[in-house]
Amino acid sequence: MTDVVRVSKRLSYVLRHHPDSVGLTLDEHGWVDVGDLLAALHLTRAELDEVVAGNDKRRYALDATGTRIRASQGHSVPVDLGHAPAVPPDELFHGTVERFLPAILVEGLRPGARHAVHLSADRGTAEQVGARRGRPVVLRVDAAAMAQDGVVFTCSDNGVWLVEAVPPRYLTR
């Protein structure tokens with residue numbers, strides 16, 4: 001049986017941040033050949049399929065032919081995921097922890113090393129995201145007002161809402 005968590009973390013590292021660490025190069029849209037990835041990570045196709053299918057957050061996407069794979073979002077390397085602008089729900093959520101609140105309330109949400117701020121469509125998912133770093137705090141994002149003010153939203157293949165930044169005026173606790 002595959003150590004699914006270990007392989008998933010390795011995939012995330014390679015497909016989001018450091019493909020060069022295993023001698024791979026992502027194309028402009030973040031795709032890499034599955035055969036090349038399997039060889040680089042010393043995985044079988046069955047092991048890869050187990051990780052991709054078993055990931056409840058759908059972090060990875062295979063193309064329609066099943067011959068290319070990419071991370072759904074969260075890249076720190078330059079990629080264009082090709083997501084079309086989308087109208088968000090009226091409110092979205094962001095999970096964080098208490099120690100980051102002072103900076104967030106002054107500066108808003110910024111992508112840091114990533115290409116976009118990640119937002120959740122429901123409070124529960126945001127709470128799970130925040131809980132990865134401690135006791136979660138969930139912020140409400142007034143996505144309707146942001147969209148009305150011309151901010152562009154996109155939605156990844158796995159339902160994560162992406163935006164360049166969220167100024168503090170659109171945030172409530």
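The values are calculated or read from the model by the stated rules, or taken from the named source; none is laboratory data. Bear in mind that the values here come from a model prediction, so they are computed numbers and not experimental data. When we count neighbours, we look across all protein chains shown, and the Cβ atoms used for this are built from the backbone with ideal geometry, even at glycine.
Can you say whether Val51 is of a type outside the set (Gly, Ala, Ser), crowded, with 19+ Cβ neighbours inside 10 Å and more than 14 Å from Asn158 (Cβ to Cβ), as far as the supplied structure shows?
yes
Pairs please, first residue from region 144-173 and surrounded by fewer than 17 Cβ atoms within 10 Å (Cβ to Cβ), second anywhere and polar (S, T, N, Q), Cβ atoms under 6 Å, 6+ apart in sequence or on different chains.
Asp157/Ser72; Asn158/Ser72
Within 27 Å of Val14 (Cα to Cα) and free of Cβ contacts under 8 Å to residues at least 24 places away in the same chain: does that describe Thr65?
yes
For region 91-125, which residues satisfy the criterion of being among the small types (Gly, Ala, Ser) and within 16 Å of Ala165 (Cβ to Cβ)?
Hits for region 91-125 are Ala103, Gly108, Gly112, Ala113, Ala116.
For the subset of region 107-119 comprising residues that are at pLDDT 95 or above and in contact with a helix residue (DSSP H, G or I) (Cβ under 8 Å, 6 or more places away or on another chain), which member is surrounded by the fewest Cβ atoms within 10 Å (Cβ to Cβ)?
Filtering region 107-119 for residues that are at pLDDT 95 or above and in contact with a helix residue (DSSP H, G or I) (Cβ under 8 Å, 6 or more places away or on another chain), the one surrounded by the fewest Cβ atoms within 10 Å (Cβ to Cβ) comes out as Glu107.
Under 6 Å between Cβ atoms, which residue pairs at least 6 apart in sequence (or on different chains) link something in region 90-116 that is in a loop (DSSP other than H, G, I, E, B) with a partner that is not aliphatic (A, V, I, L, M)?
Sorted first by the residue in region 90-116, then by its partner, the pairs are Glu91/Arg140; Gly108/Pro167; Gly108/Pro168; Ala113/Ser76; Arg114/Gly74; Arg114/Ser76; His115/His75.
Taking region 68-89 as the region of interest, how many residues are small (Gly, Ala, Ser) and outside any loop (DSSP other than H, G, I, E, B)? Reasoning before the result, please.
So in region 68-89, the residues small (Gly, Ala, Ser) come out as 71-72, 74, 76, 82, 84, 86.
So of that shortlist, the ones also outside any loop (DSSP other than H, G, I, E, B) come out as 71.
Selection size over region 68-89: 1.
Suppose we filter Glu91, Glu98, Glu127 for residues that are among the acidic types (Asp, Glu), touching a strand residue (DSSP E or B) at 6+ places or on another chain (Cβ under 7 Å) and within 29 Å of Val52 (Cβ to Cβ); which single one remains?
Every option except Glu127 fails the conditions.
Identify the residue in region 151-168 that is in a loop (DSSP other than H, G, I, E, B) and at pLDDT below 95 and, among all such residues, is farthest from Leu119 (Cα to Cα).
Applying the first criterion (in a loop (DSSP other than H, G, I, E, B)) to region 151-168 yields 151-152, 156-160, 164-165, 167.
Then keep just the ones that are at pLDDT below 95; that gives 156-160, 164.
Working: Ser156: 10, Asp157: 13, Asn158: 12, Gly159: 9, Val160: 6, Glu164: 11 Å.
This residue is Asp157.
When Val79 is evaluated against the numbered criteria (1) surrounded by fewer than 16 Cβ atoms within 10 Å (Cβ to Cβ); (2) within 17 Å of Ser12 (Cα to Cα), which criterion, by number, is the only one it fails?
In the conditions (1) surrounded by fewer than 16 Cβ atoms within 10 Å (Cβ to Cβ); (2) within 17 Å of Ser12 (Cα to Cα), Val79 misses (1) alone.
Return the total of residues in region 29-62 being in a loop (DSSP other than H, G, I, E, B) and either in contact (Cβ under 8 Å) with a residue 60 or more places away in the chain or more than 17 Å from the chain's Cα centre (by Cα) (or both).
Within region 29-62, residues that are in a loop (DSSP other than H, G, I, E, B) and either in contact (Cβ under 8 Å) with a residue 60 or more places away in the chain or more than 17 Å from the chain's Cα centre (by Cα) (or both) number 6.
Looking only at region 1-53, filter to residues that are in contact with a helix residue (DSSP H, G or I) (Cβ under 9 Å, 6 or more places away or on another chain) and among the basic types (Lys, Arg); which one of those is nearest to Arg68 (Cα to Cα)?
Arg45
How many residues, within region 100-123, are closer than 22 Å to Val87 by Cβ and not charged (D, E, K, R)?
Here the count works out to 10.
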